[in-house]
Amino acid sequence: MKDFADKLQALLDKGDRDAVKTDEGVLEKYQVDGMTPKALVFPKNTKQVADVVKLANQEGWAIVPWGSGSKMAMGNPPDRLDLVVCTSRMNHMLDVDTDNLTITVEAGVKFRDIQARLATEEDRCYLPLEDLKTEANEFVCSDRSHSGCFLPLDPVCAGTATIGGIMAAASTGPRRLLYNMPRDIILGVRFVGPKGDIRGSGGKTVKNVSGYDVSKLMVGSMGSLGILCELTLKLLPLPESMETLLLSFGSFDEASAFASAVIETQLLPAAVEVMNKEAFEHLGSDWSLEVPDEGYVVAVALEAFKEAVHRMKNEMVKMGKQNGRKDHDSLGEYDHGAFWLAVSELSRKLEKSYSGIIRAKLNYRISEWKNIVAPASKILSENGLPCAVTAHAGSGICQLNVLMDRNEKTAMDNAVGAMEKVLDLSVQAGGNTVILDAPAEIKPRLKIWGKTGSDFVVMKRLKEELDPAHIMSPGRFVAGL
Amino acid sequence: MPVERTRDKDKMEAKELIDRLKEIVDPEFVLSSEMDLALYSYDASLEKAVPDVVVLPASTEEVARIMTLAHEEKVPILGRGSGTNLTGGTIPVAGGIVVHFSRMNHILEIDTANRTATVEPGVITLDLQTEVMKQGFIYQPDPASQKVSTLGGNVGENSGGPHCLKYGVTSNHILGLEIVLNDGTVIMTGGKSRENPGYDLAGLLVGSEGTLGLVTKMILKLERAPEAVKTMLAIYETIEDGANTVSAIIAEGIVPATLEMMDNTVMRAVEETIKVGYPLDAAAVLIIELDGMPEGMDEKAAKVMEICKRNNVREVKLAKNEAERNILWAGRKGAFGAVGQVRPSYLCCDGTVPRTKLPEVLSQVIEIGRKYHLPIGNVFHAGDGNLHPLIMFDERDENELQRVHKASTEILKLCADAGGTISGEHGVGLEKLRETCFIFNESDLDLERSIRKAFDPDEILNPGKMIPDEPCRQALGL
């Protein structure tokens, strides 16, 4: 053990007391599915990451990368675990180029810090931040005299997540309806491969067909092909106007009729989120909306030019009335930001309250959404499992949060069976179900990544070729890659 | 020079290969006459090489069987659409089998409820766009060659077009692919569902220039057609003013659907052929197009025109209707053809730079033209920094051709040094193999080689393309 830490310490700066940690109290905080690493490493830059991985590859040590830890519940339990490589000290913004609408940052930079950095001189920011100071350091910076930009991503845990973690997990949220996916905004990447080599691909331009699009391969690869170190991402000008419309309905049928009607128009909302009462109430008490029992809420995010937001709001209020809305409210810019931040933090909040929570993300053909949300909720209620349900209408995503405590043994058993049925349901609708979070002890009984497709044969070939020693997050990814 | 390769002697004789292929595909669609092969020996680049045989399959199953044969016999194999490739990606430098997808040209399904279209790779880009437009939808990627290019080719090259600034490139619009792997295995990756766990293989395949597999079916993303479009044409006394306008518009928080620019050389060529009324004494024209919801668009158009004025525009016009809009676009769409009439050949460099670098890079491009005594016209996607310097020359003049290659390399170096890249939308192919070292080091290239090896350990899929064999600095004599 001592030897292990010494080897690592020798690699990094010997005088740097924060580089390697082996005290048990600290290690325990970095457990992955109940497994404790032998050491934690906090590299300061890409080169140090490369040195650490090179040594690990020689010694056969298994590595799991770690950002802020907000997505560590994802994936199968690792086959083995020696090192956790933490990116928290890699928090430099390398190039903030608002004129070209690109930003290059190190993987450990927090999403909130990027948004704070892109705020306008008048402090208009995409996230509702009262304090625009950032933890990140900057190498190349431009001033704030632009009209405001933002990073068009809507990740889970927007308040704490690092950009490296968000991209590695391909984390998305309701506003992907307008802004698409992490794969669509990444322009370039530098990462350390499983053999310790620093690899790069892409660059600063939207158009780039020089070489394979490795950036897309790395997005969503869950640390199984390397450690993301530097990312170049596309920015957008801050929307001129941002508002949210909240509507409550007595039943899923009414709520979904409204949401579908909105999606069918040529209007361009940023998000149309449908949630059951359970989910809405867990967001917090800051929003005064009357929701009937068994009722549903539809939240519509509007981010566009002033005139367009105005029109969308008017038309949607009318459509809400036609579809029998019970109550409605609209939120101005600051509350809009706060509301969607709460939506992104919902899972964390639920995790704190329910120690045995199972969170599942269902994907399916977008036209099938009405045939998924209600039946999936029904499967859970038939099993006596309370559930907070949210669905991105128009994107084909539904998230189920099964609210349980760890000691409710029967409920847990029922949940395992219910998840199997939910998986079948989503497969029938042309999709899959991924378990985002579950207690470590029942993970082995769940199909964490759902059903494997015919393309797994290529994924396996890629993993074998790029990580023959199986040291990068071994076993955590799809079908135990 | 392109990478030269010859097939090993012990590989299957061409005649036997042809006979075996005729057992898989209707013999009528196995082409091997000298004339047929000559027709498949070139594309829209300056490269040439003759295949051993050309085959036109009709189904995924036939493609899989052809691939199995190529795999067993270790014969090079490459896919081809309409051959509009500009970097030699479709040139069979190692001989072997060319799989021409012209018969697999069916739109299998337009599913507006799921916002997808499922197509075979041989469908012409514009044909699909016309079909979906009838139902009020749009498939965004619009490469200039959309009238002839195939969707399969667009996927192979990750084609761009004028709309990329706002809507992204081809890979942003591909949801799923059916792929025939090197050993004939057929896989499906992605699908109508927008999020599938596992590696983003579709993301990797798009733009892989046929080196990772043959795509036999594609699921494309459709969007609702925008309610409103506004098109403007701005005329400038200097290129710098035009380029500065582009940056200024985006700095004001407006992301137009299109920002296209043409310089005087190209405007002259356009006026000599199609005559759209460009002033011959102006230095540049800029086409600006906004799209989206009509609310606020008049105000934004007014703002754009004000920004043009702030940047010394000579004149700026707003199209009042569809007919006027078509006139504004006619010159841009006909630009490449017009240039082709000025000199017998042109080489289109496809370097791309961060938008704010446009003015300085453009003036250096003009310098390079002077240095090598070559006329260079510029017609380009200004919004996304994608240059298209057209070096005009006569291919029969050996000396001139050499100067063209030198100038082109220098232009690409210039783009790479400005923080850009050597290809925005045309690919590396054969033409830019050596120039990859301007942007990649050996470690980066090794990664690409590993990826290729994972897909194709025997190197039968479009060999000799995209990744240089030898350390490339050496090849360029650096």
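The values are calculated or read from the model by the stated rules, or taken from the named source; none is laboratory data. If you're wondering where the values come from, they're calculated on a predicted model, not measured in any experiment. Cβ placement follows ideal geometry from the backbone for every residue including glycine, while neighbour counts extend to all protein chains displayed.
Observations on the model:
- Qualifying residues in region B:201-211 (those that are touching a residue at least 40 places away in the same chain (Cβ under 8 Å) and within 8 Å of chain A (Cβ to nearest Cβ)) - the one nearest to B:THR118 (Cα to Cα): B:VAL206
- Scanning region A:89-106 for residues that are more than 14 Å from chain B (Cβ to nearest Cβ) and assigned to a strand (DSSP E or B) gives A:HIS92, A:MET93, A:VAL105, A:GLU106.
- Scanning region A:296-321 for residues that are away from chain B (no Cβ under 14 Å) and touching a His at 6+ places or on another chain (Cβ under 9 Å) turns up A:ALA301, A:VAL317, A:GLY320, A:LYS321.
- Tabulated pairs, region B:376-389, first closer than 23 Å to B:ARG343 by Cα, second assigned to a helix (DSSP H, G or I), C-beta under 6 angstrom, 6+ apart or interchain: B:ILE376/B:GLY369; B:GLY377/B:THR265; B:GLY377/B:VAL266; B:GLY377/B:VAL339; B:VAL379/B:VAL266; B:VAL379/B:ALA335; B:PRO389/B:VAL365; B:PRO389/B:ILE411
- Total residues in region B:334-391, condition touching a Pro at 6+ places or on another chain (Cβ under 8 Å), among the charged types (D, E, K, R) and within 14 Å of chain A (Cβ to nearest Cβ): 0
- Filtering region A:161-207 to residues that are in a helix (DSSP H, G or I), closer than 21 Å to A:CYS398 by Cβ and of a type in the set (Val, Ile, Thr) leaves only A:ILE166.
- Tabulated pairs, region B:426-444, first more than 8 Å from chain A (Cβ to nearest Cβ), second surrounded by fewer than 24 Cβ atoms within 10 Å (Cβ to Cβ) and among the small types (Gly, Ala, Ser), C-beta under 6 angstrom, 6+ apart or interchain: B:GLU431/B:SER45; B:ARG434/B:ALA475; B:PHE438/B:ALA416
- Residue match in region A:208-217 (condition: under 24 Å from A:ALA136 (Cβ atoms) and either touching a Phe, Trp or Tyr at 6+ places or on another chain (Cβ under 7 Å) or at the interface with chain B (Cβ under 7 Å from one of its Cβ atoms) (or both)): no
- Single unsatisfied condition, A:PRO386 versus (1) buried (at least 17 other Cβ atoms within 10 Å of the Cβ); (2) touching a helix residue (DSSP H, G or I) at 6+ places or on another chain (Cβ under 7 Å); (3) touching a residue at least 40 places away in the same chain (Cβ under 8 Å): (1)
- Filter pass, B:GLY210 being of a type in the set (Gly, Ala, Ser), crowded, with 24+ Cβ neighbours inside 10 Å, on the phi > 0 side of the Ramachandran plot and not assigned by TED's automatic domain parsing to the domain that holds B:GLY88: yes
To keep it simple, each residue is scored yes or no on (1) within 14 Å of another protein chain (Cβ to nearest Cβ); (2) in contact with a Gly (Cβ under 6 Å, 6 or more places away or on another chain); (3) farther than 24 Å from A:ARG124 by Cβ; (4) surrounded by fewer than 18 Cβ atoms within 10 Å (Cβ to Cβ).
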site: A:ASN276; (1), (2), (3), (4): no, no, yes, no
site: A:GLY284; (1), (2), (3), (4): no, no, no, yes
site: A:LEU289; (1), (2), (3), (4): no, no, yes, yes
site: A:GLU294; (1), (2), (3), (4): no, no, yes, yes
site: A:LYS361; (1), (2), (3), (4): yes, no, yes, no
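- Strands (runs of 3 or more DSSP E) contained entirely in region B:91-200, each with at least 1 residues that are in contact (Cβ under 8 Å) with a residue 12 or more places away in the chain, more than 14 Å from every other protein chain (Cβ to nearest Cβ) and of a type outside the set (Ser, Thr, Tyr): B:97-100, B:107-111, B:116-119
- Any hit, region A:65-87, residues being at pLDDT 95 or above, farther than 30 Å from A:ARG445 by Cα and either in a loop (DSSP other than H, G, I, E, B) or under 23 Å from the mean Cα position of the chain (by Cα) (or both): yes
- Under the condition of being of a type in the set (A, V, I, L, M) and at positive phi, the residues counted in region A:437-481 number 1.
- With respect to the conditions (1) surrounded by 23 or more Cβ atoms within 10 Å (Cβ to Cβ); (2) in contact with a strand residue (DSSP E or B) (Cβ under 8 Å, 6 or more places away or on another chain); (3) facing chain B (nearest Cβ under 8 Å), A:VAL478 lacks only one, and its number is (2).
- Annotation: of all residues in region A:363-383 being assigned to a loop (DSSP other than H, G, I, E, B) and surrounded by 24 or more Cβ atoms within 10 Å (Cβ to Cβ), the one that is nearest to the other protein chains (Cβ to nearest Cβ) is A:TYR364.
- Residue match in region B:315-335 (condition: closer than 25 Å to B:GLU395 by Cα and not basic (Lys, Arg)): yes
- Only a single criterion out of (1) under 18 Å from B:ASP384 (Cβ atoms); (2) among the hydrophobic types (A, V, I, L, M, F, W, C); (3) within 14 Å of another protein chain (Cβ to nearest Cβ) is not satisfied by B:ALA301, namely (1).
- Filtered residues of region A:163-193 (kept if within 15 Å of A:LEU228 (Cα to Cα), touching a strand residue (DSSP E or B) at 6+ places or on another chain (Cβ under 7 Å) and away from chain B (no Cβ under 11 Å)): A:ILE163, A:GLY164, A:MET167, A:ALA168
- Every condition in (1) of a type outside the set (A, V, I, L, M, F, W, C); (2) over 17 Å from A:LEU83 (Cα atoms); (3) at the interface with chain B (Cβ under 8 Å from one of its Cβ atoms) holds for A:GLU230 except the one numbered (3).
- Some residue of region A:312-325 being touching a Leu at 6+ places or on another chain (Cβ under 9 Å), over 28 Å from B:LEU222 (Cα atoms) and touching a residue at least 40 places away in the same chain (Cβ under 8 Å): yes
- On the stretch given as region B:315-336, residues that are surrounded by 13 or more Cβ atoms within 10 Å (Cβ to Cβ), among the small types (Gly, Ala, Ser) and farther than 16 Å from B:HIS381 by Cα total 1.
- Pair list, Cβ < 6 Å and 6+ apart or interchain, from region B:398-417 residues that are under 19 Å from B:ARG343 (Cα atoms) to residues that are among the hydrophobic types (A, V, I, L, M, F, W, C) and in a helix (DSSP H, G or I): B:ALA407/B:ILE368
- Positions within region B:251-289 being surrounded by 23 or more Cβ atoms within 10 Å (Cβ to Cβ), within 14 Å of another protein chain (Cβ to nearest Cβ) and over 14 Å from B:LEU358 (Cα atoms), in sequence order: B:PRO256, B:THR258
- Among strands (runs of 3 or more DSSP E) entirely within region A:387-469, having at least 1 residues that are facing another protein chain (nearest Cβ under 9 Å) singles out A:397-402, A:432-437.
- Flag for A:VAL156 being in a strand (DSSP E or B), modelled with pLDDT of 95 or more and either within 22 Å of the chain's Cα centre (by Cα) or more than 11 Å from every other protein chain (Cβ to nearest Cβ) (or both): no
- Yes/no for B:VAL379 being farther than 19 Å from A:GLY211 by Cα and touching a Leu at 6+ places or on another chain (Cβ under 6 Å): no
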